[in-house]
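The next block holds one structure in the form of structure tokens; read it before the comments.
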Amino acid sequence: MSTTLRARRSCLAVPGSSQKFIDKARTLNSDQVFLDLEDACAPLAKPGARKTIVEALNEGGWGEKIRVVRVNDWTTEWTYRDVVEVVEGAGANLDAIMLPKVQTPEQVVALDLLMTQVEKTMGYEVGTIGIEAQIENALGLTNVNAIATASPRVETIIFGPADFMASINMKSLVVGEQPPGYDVGDAYHHILMSILMAARAHDKQAIDGPFLQIKDVDAFRRVAGRSAALGFDGKWVLHPGQIDAANETFSPAQSDYDHAENILDAYEYFTSEAGGKRGAAMIGDEMIDEASRKMALVISGKGRAAGMTRTDRWTPPES
């Protein structure tokens, strides 16, 4: 887990060309919002959407949300203007740029260089705006480790399921669901684990992509639960109705959070002079040691990032 973990349990997609949706997004309880200049924005609307996004970021009202803009990918004619206009106009109020359809590390390097030029020109501190890299095809997945380390700006690795399914000719039209005829496991397991391993190996966050059946919240929970169980940090949400489900799914259960914090407290005590300088000890019926501490740090870190509070507290035994 990153030592600078910020909660990204719910990453809300908002069309950058819609002032109505942008205004609504300010009032919602998603951890992150990304204003989209790519798929959610028609080609003729992109120039105007850049200006709308800059104004929206500078107007504020986003609270503690992570503020991200998804630009167009490098194979289009729009990318450089997206980056230049958004970072020049609102770089002081922007947390990250999301780059879709990343296939090679060089594409991340190119974005980093362009952002650096704009930051220097505008007098911004260089490197403070992060990069979120979206993996959406087979080539991107095969290069995911190199992509994760292409720039120190990279904060997240994101799975883009719809384009990915198309890129490998998957036999399905329902994004995120198992393809018909695949009955031997999870068709996405290798993809998700490859992204997760690259993220964890290089101290990045791993984010699952959208579930398009926006009215079926139960199905959203089921699909989100798959990546959450593996260790992903969050998932895209396309509708306000998915936000609470994402926040809940990617947060520890209250009992697990309390237990993790108690393990940390107990381990700190038992390894201390007062606790007998023990490397292993008992908390209730459970033995804890250094490995237990590391596991507890993961759960406590996610809980703290989500703003959870303890409802139970371990106390040292009476001497």
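The values are calculated or read from the model by the stated rules, or taken from the named source; none is laboratory data. Just so it is clear, the structure is predicted and the values come from calculations on it, not from any experiment. Every residue, glycine as well, gets a Cβ built from its backbone with ideal geometry; the counts of neighbours run over all protein chains shown. The accessibility values were calculated without ligands, DNA or RNA, using every heavy atom of the protein model including side chains. Shrake-Rupley method; radii C 1.70, N 1.55, O 1.52, S 1.80 Å.
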Query raised in the report: How about the range 224-246: which of its residues are crowded, with 20+ Cβ neighbours inside 10 Å and either more than 16 Å from the chain's Cα centre (by Cα) or polar (S, T, N, Q) (or both)?
Result: 227, 242
Report task. Could you please let me know if residue 71 is among the hydrophobic types (A, V, I, L, M, F, W, C), touching a Ser or Thr at 6+ places or on another chain (Cβ under 8 Å) and assigned by the TED database to the domain that holds residue 148? Result -> yes
Query raised in the report: Identify, please: which residue in the range 27-47 is hydrophobic (A, V, I, L, M, F, W, C) and more than 10 Å from residue 14 (Cβ to Cβ) and is, among those, surrounded by the most Cβ atoms within 10 Å (Cβ to Cβ)?
Result: 37
Query raised in the report: Of 17, 30, which residue is in a loop (DSSP other than H, G, I, E, B), under 21 Å from the mean Cα position of the chain (by Cα), modelled with pLDDT of 95 or more and in the same structural domain as residue 220 (by the TED database)?
Result: 30
Query raised in the report: Residue check: is residue 225 more than 27 Å from residue 197 (Cβ to Cβ), modelled with pLDDT of 95 or more and not in a loop (DSSP other than H, G, I, E, B)?
Result: no
Query raised in the report: Which condition does residue 141 not pass, out of (1) aliphatic (A, V, I, L, M); (2) surrounded by fewer than 16 Cβ atoms within 10 Å (Cβ to Cβ); (3) in contact with a strand residue (DSSP E or B) (Cβ under 8 Å, 6 or more places away or on another chain), if it passes all the others?
Result: (2)
Requested in this report: For residue 122, state whether it is in contact (Cβ under 8 Å) with a residue 60 or more places away in the chain and on the phi < 0 side of the Ramachandran plot.
Outcome: no
Query raised in the report: In the set 92, 150, 146, 110, which member is assigned to a loop (DSSP other than H, G, I, E, B) and open to solvent by 10 Å² or more (accessible area, probe 1.4 Å)?
Result: 150
